[in-house]
Every structure is written in structure tokens, then in C-alpha cells.
Amino acid sequence: MLSQTELVINPQGAIYHLALQPEQLAHRIIAVGDPDRVAQVSKYFDSIEHRVQHREFVTHTGYVGKVRLSVISSGIGTDNIDIMLNELDALVNIDFQTRLPKQDLTCLQIVRVGTSGALQKEIAVDSFLASSEAIGLDNLMSFYDLPQSESELSLCKAIQTHIGLPFLPYQVEASSELLGVFSDLQQGITLTCAGFYAPQGRRLRLPTRPADLLQRYQSFQAGKVYFSNFEMETSGYYAFGRLLQHKTLSLNAILANRATGNFSSNPTKAVENLIKLTLEKLTPIL
């Protein structure tokens, strides 16, 4: 049985950080980073059953036609994904009365709708990209037993050497089923960074280490493998998808191209268009 300090349930019977009760969560989930973006998605719902907010975690659950969906905000970074994915899994796969894992497990379908910066000049600003794989440049999976194949380990060692990292990255892939739903989008390998500034090669008053970090990201190639874009959450989604056996996919609105120096003239519109595309693709098939 899980102790009160391991599985924290508030007096209303809701999981601690998300503040959700099990019945308030749909099994089909759109995940966004920005709490304000939740309403941008749920305005397209035909009806809303639940609106819940605790800290940066905002959830709206309702229906598009006969399809029940939840849209939930994570905030920024894989540290928040650690909280969100563990608690989403607990809501469906742990009995809150007995505090024991259930015998019959539920597979969640989770699609991240987020923003990203392109690393290659041919990836246009305001375009959409589905992450077929992610490379984790954060340390989150150092605390979990994430299985890695020999080919994944070999690639990650090559990345470590090329970039000059003091740690070994990890490689994880999207759900092939969800990726197939968005097969008409461009696909790429996404770097998930541990921060927005130095980890993504930005310099304000502090230098990056190594000094040419951005160029090292852009120049890496192993066979047909190269990095298309970077952001701050995708590897967390994919790693927990593998560990907890949920289906996860990350969709990216490309707001910046770091190779050309261009930034979207209307980032709000780009995100809005990706939200509409996501709902159009998901609601007929989920």
C-alpha cells in the first residue's frame, strides 16, 4: 500500500498537484504548456464538465461531439512532466481507496501541443512538426530505470561526444499509432533541453558551455539522424509513455528558426492553427 507521503491525496479526494479526482479525467488528453492555452483548446469543446486549477496545472474536461477529452497545462520543463505524468497515471491506474495499483491498467492517449524552435534552415517558421523521437538533454531519467536498446545507447554516446556533454542523453520515440494520425506533417528528431537560455545556445549576459553549443546541435549527424528542433518537454512525455505504457505524441508549432534568426510574426495564430488541426485529427479517431 502506498503511504500518504507517496500518493498524496487532498481532503477532496483529488491527486495533490493536479487537484483532479479520477472521474474528472478523460482518457484522451491534449497537453499544453501555458495555462492560458487550456481555454484556447476548450473553447472548441461542445460542452465542458469540469474546470480545475491548482498552481500552473489547469484542466478542462468535456466533449467534442461524442468524444470525451481533457486538456491540461503542464507548465515548462520535464520536472513538471514528472509531476503531471505520474499523477495522470495514478488517477487511472491506482485505486485511491486501497492505495494499490489496479490489476487492469488503463492506457492514456496524450498529445502535447506546444511551441518549438527549428535547428535547420529548411524548417519554416509557422510550420508544424511531429516529433518522431526525442533526445533527452535533461537529467530526469537518471532517477528512473528507463530501458534503452543498444542502438539507442550507441546514438546517445555519439551525441554525448559530439556535443561535449558531461552526461549521457537518452532516446525515446513517439507512439507509432498517434504518429500515424499526423502522418501528413513533417517529422523530426527533437532535442529536449533543460532550460531556455544556455541549454538552447542563447547568450544574454552569460556564455554557454561549450561556446559553440548551438552549432554543435545543428551540425550533429549520424547516418540519416540529425536534430530538427528543440524545446523543453517532449522527452519527458515519451519516456513516461515507455515506462508507464501510455501513448504519447508531441506536436510543435515552429515559432523560431535558430539557423536563419527568424521569429514568427504572429505566434498566437500559429498555435491556434495547430490546436484546430489537432482537434480535427483526433476527434474522429479517438
Elements of type strands (runs of 3 or more DSSP E) in the range 6-107, at least 3 residues being under 19 Å from the mean Cα position of the chain (by Cα) and closer than 24 Å to G236 by Cα: 28-32, 57-64, 67-73
Checklist (1) under 24 Å from T283 (Cα atoms); (2) in contact with a Ser or Thr (Cβ under 6 Å, 6 or more places away or on another chain) applied to N80, failing item: (1)
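Among S132, S149, S175, which is farther than 20 Å from Q215 by Cβ and either among the acidic types (D, E) or more than 19 Å from the chain's Cα centre (by Cα) (or both)?
The conditions single out S149.
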The range 168-179, subset touching a Cys at 6+ places or on another chain (Cβ under 7 Å) and in a loop (DSSP other than H, G, I, E, B), residue farthest from Q120 (Cα to Cα): L168
From the options L243, L249, L282, residue that is at pLDDT below 95 and aliphatic (A, V, I, L, M): L282
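The values are calculated or read from the model by the stated rules, or taken from the named source; none is laboratory data. Everything numeric in this text was worked out from a predicted model, so none of it was measured. For neighbour counting, all protein chains shown are included, and Cβ atoms are generated from backbone atoms with ideal geometry for every residue, glycine included.
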